[in-house]
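Working notes, structure below.
All of the numbers you see were taken from the coordinates with simple rules; none came from a lab. This one's a predicted model, so the numbers in the text were calculated from it and none came from an experiment. Because the Cβ atoms are built from the backbone with ideal geometry, glycine has one as well, and the counts that use them run over all protein chains shown.
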Amino acid sequence: MGNERKRSIIEMLPMMDKERATKFLIYGFIVAIIFGTILMISKSIADNAYSWFLLESQQNDMNYMAGLYGYNDYIVKAERADLIYRWMEYQVVIVGNVARIGVNIGMFFIAIAFLSFALNDKFDEKARRIYLVLAGLILFVIIFTVFFSQISVQIS
């Protein structure tokens, strides 16, 4: 027991070879892209739910006025359209949070890969510093998005 020595933080960091770190980087990008795409699709559905509801309601009104079905069917179809509209708006809460977690997991894999590149002594010192800065930047983004969830970038 007396022979145990304290390990430094650098010794506890993941030491991977270049190939394994590259796989982590690729898998991280794939996971982040897939979950990011799911998040954007979910947000698009929620954003366009009201337009869909208006079109569905107008179609229901026109079919009722044309005599294609009676008042009871009209009410049932209106209630169904309202229920679907509410689900389309609400699904972004569930799907968006799951997708955000998936994106953060993918970014964590990317940060681990860059950190492994930074600790790999086969790279020159300048490249290792760049990898360390990239890993720190990605970890900062992960922490920032975990604590502040209503951050978005608008491109016009």
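For residue 55 and residue 141 in the same chain, what is the full-extension length gain: residue separation times 0.36 nm, less their Cα-Cα distance, in nm?
Length difference between fully extended and current span is 27.0 nm.
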Between segment 15-71 and segment 74-89, the Cα center-to-center distance that results, in Å = 18
Determine the principal axes of the Cα atoms in segment 48-129, then give the extent along each, sorted from largest to smallest and rounded to whole angstroms.
-> 78, 18, 14
Taking θ as phi - 60°, what are the ³J(HN,Hα) couplings along segment 89-103 by the Karplus curve (6.51, -1.76, 1.60), each to the nearest whole Hz, with x for Gly and Pro?
-> 6, 7, 4, 5, 5, 6, 5, x, 5, 5, 5, 4, 5, x, 4
Between residue 94 and residue 20, 0.36 nm times their residue separation minus their Cα-Cα distance comes to what?
-> 23.3 nm
Would you calculate the separation in nanometres between label points at residue 29 and residue 69, each defined as 7 Å from the Cα along the Cα-to-beta-carbon direction?
-> 5.0
